[in-house]
Structure formats: C-alpha cells, structure tokens
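Undergrad: Here it is, the structure in full.
Coordinate-derived values only; no laboratory data. This is a predicted model, so every value here is computed, not measured. Glycine also receives a Cβ, built like all others from the backbone with ideal geometry; neighbour counts cover every protein chain displayed.
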Amino acid sequence: MREALVNENADFCAVNDKYVMRITSDDDEGVRQLDHFRDTESEYPVLVTTSKLLTTGADIPTIKYIVLDSNIRSMTEFKQIIGRGTRLNEKHDKFYFTIFDFRNVTSLFRDEKFDGPIEQDENFNPSTDKEISPPPKKPESSSTEKKPKFFLGDESVDVAYTQEQYLDGNGNLVTENFIDYTCRKVKNFYATLQDFLTAWSSAEQKKVIIDEIKNQGISFEELNKIVGKDLDPFDLILHIVFDKPPLTRKERADKVKKRNYFSKHGEKAAEILKSLLEKYAETGIEDWENFDILKVNPLNKYGTQIYIINKIFGGKEKYLAAVRELQKEIYAA
C-alpha cells in the first residue's frame, strides 16, 4: 500500500521521502516517524499506512482522513479506530474528518446496543425501491458537466447512491443529504435571505462569513460539484439555501465592467483593480484584504506591495477602501 501511494505521489515524495510512511512495529524507520506524525507542527509524514496503529492509543490530533481497507469485525476495534478522528483542532482547521471505507466496515456504526434501535430502513435499496416521500429538491446541474468516471480494477463503475452521515449534538448518528444539511446549518445563522444579505453587505471581510460557514462542516467545493457550476460562496448560499438564481464569478465581473466603474480611479489604480476583478473571475478571492495578493502575477508587475499601496493608492486605508468598494460593486443587486 505504501509503495502504491509513493508511486501516485511521486512529485511530493521527491520533495521529501517521508511524505508517505509505513508505520508498523517491525519497521524501525516508520516507528521513528511516529512522534513526527503525532506532532501538529511537523510537516511530515503526511500519509501513513499501518496495520494496528489506530487501535493502540496513538493520538493524532490533526488526522483528517481514515481509510479502511481491512475486514474489521470487532466493534471495540472499530470504535477505537474511528475515535482517533474525533479530536478537534481549530488551529489547523480540523473540524471534521472523512472515512473512506472499502470493506463496508462502517456498517458497525449501527450499534443497537449502544445507540438504540436503528431508524433507517435496512431493506431499502436505492437502486430499485421508490421513496414514499418526494426526495429533497436539489439545484439543477449543468447539462454539459461531465460526470466523473470510477474504476475498480479494469471495470468501469457508476455511483448509484451516496449517503452522508454525521453525529448531531447529542452524539446520535444522523443520515442526511448534503444540500439539506447545508440549508439547515446556514439558516441557524441566517434565518432569512435578508438576514444573509445584510450580514454579507455589512461585513468588511467576507472571509469571516465564509469561515463561519466552513466551520459548520460545509464544503463549498462539494457544493460546486453538486450544482455543476463554478460559483463563489455567496452565490452558492443564495442558490442552495435561498433558492435564488446564481451568477458565476465571470458574470459578476462582466457586470462590474459594463457599469464603467473604474473610470473614477486613476489610470494605474484602475488597472490594478481590474486585475483584482480578473483574479476574482478566474479563481475567486476569499481574503481580499490580504496584501499578499499584490505579489502574484499580473499584479506584481506594477511594483512592490509598499509601492502599490502607498504610491499608487495613497496609503493603506485608501487601498482598503478601494478594494471594499470593488467588493460592493461585485455583489451589487
């Protein structure tokens, strides 16, 4: 398994050969790396293959992925393994973890003795049975979006059904699709569309709202996959939670250009703001007030950060004011 991972991550392993490590009791080099794997400040190892490491009390606070490829039948062993992922670590953005299960081991989550009677219909077959109640409404996906292909060995397979499970505040395992989960979590903060729009427009740093939503276990990357469009977090929430037609980042950028917004700025300042707008249209900008954006191409061709801020914009406050005003223009009704 380690050899396969090394082959698939050859570029990372070329930087540091400890990117992937095998940690077992009979592997002295791997054992020596265990403390580094535990250490939240240590960069390596990143991926670890093991047999019993997660059942022996090893505490890995930042573990984000647990891959199960062993036929575990012991409830105790299973809970020990899964328990390793439940540690929160806010400093390293560890608020949840993901289980990849290749052996149907997660069926052991259904522990009636510990959790009470199972509420899910065990006889429901999503590929053949019909649901009695209508399925939750999902945003329309692009008809041109290519579906990902998956292979098991040489055989092509399709995903017939996906299911999300999480532990609620009382420790109960709940099954819920990601769209419903997102709607429920966001509406805990913003009960109405107006609440969300007011918070967004009044927030000087949009990243605060974005991080607040991310911290609820919501992945904007996954939501974009479901929608089938490349939307920024603002439009994803408008579309998914409040059922409003979204605009792509490019569409928002084009609207700003048509309003002749840049004419009131000096020539150089206007060029820099246009470049920021292009960056937003291409890849999005979460932290607009991070001055490091001025170091990247093509913004760095106008000079150093200090030169751009002080000479072209006339100081930090004027630069930030111009950036915030551009944000308002992007999200204008």
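Undergrad: What distance in nm separates the simple spin-label points at residue 87 and residue 248, each placed 7 Å from Cα in the Cβ direction?
TA: A separation of 4.3 nm, rounded to one decimal place.
Undergrad: Provide the descending list of Cα extents for the stretch 250-330 along its principal axes, expressed in whole angstroms.
TA: Largest to smallest, the principal-axis extents are 31, 25, 20 Å.
Undergrad: Another one. May I ask you to compute the full-extension gain from residue 263 to residue 110, defined as 0.36 nm times their residue separation minus their alpha-carbon distance, rounded to one decimal in nm?
TA: 48.8 nm
Undergrad: Of the cross-linked pairs 214/328; 64/279; 206/268, which ones have a Cα-Cα span greater than 24 Å in the structure shown?
TA: 64/279; 206/268
Undergrad: Follow-up question, since we're still on this one. Once you place label points 7 Å from the Cα toward the Cβ at residue 219 and residue 46, how far apart are they in nm?
TA: For residue 219 paired with residue 46, the spin-label model returns 1.6 nm.
Undergrad: Any chance you could run the full-extension gain for residue 212 through residue 289? It's 0.36 nm times the residue separation minus the Cα-Cα distance, nm to one decimal.
TA: Details: separation 77, 0.36 × 77 = 27.72 nm, distance 1.73 nm.
Full-extension gain reported as 26.0 nm.
Undergrad: Multiply the residue gap between residue 154 and residue 320 by 0.36 nm, knock off their C-alpha separation, and tell me the result in nm, one decimal place.
TA: Difference between extended and current length: 54.3 nm.
Undergrad: Mean 1/r over all different Cα pairs, inverted: what Kirkwood radius does the stretch 173-279 give, in Å?
TA: In the stretch 173-279 this quantity evaluates to 15.5 Å.
Undergrad: Could you list 276, 88, 5 in order of exposure, starting from the residue whose Cβ has the fewest other Cβ atoms within 10 Å?
TA: 88, 5, 276
Undergrad: Taking neighbour Cβ counts within 10 Å as the exposure measure, how do 239, 92 sort from fewest upward?
TA: 92, 239
Undergrad: Could you work out how far apart the two model spin labels at residue 189 and residue 296 are, taking each label as a point 7 Å from the Cα in the direction of the beta carbon, and quote it in nm?
TA: 2.2 nm
Undergrad: Amide H to amide H under 5 Å from residue 101: which residues, 5+ apart in sequence or cross-chain, H placed 1.01 Å off N in plane?
TA: Distant-sequence amide H within range of residue 101: 68.
Undergrad: Please rank 90, 204, 278, fewest neighbouring Cβ atoms within 10 Å first, as an exposure proxy.
TA: Arranged by neighbour count, lowest to highest, 90, 204, 278 become 90, 204, 278.
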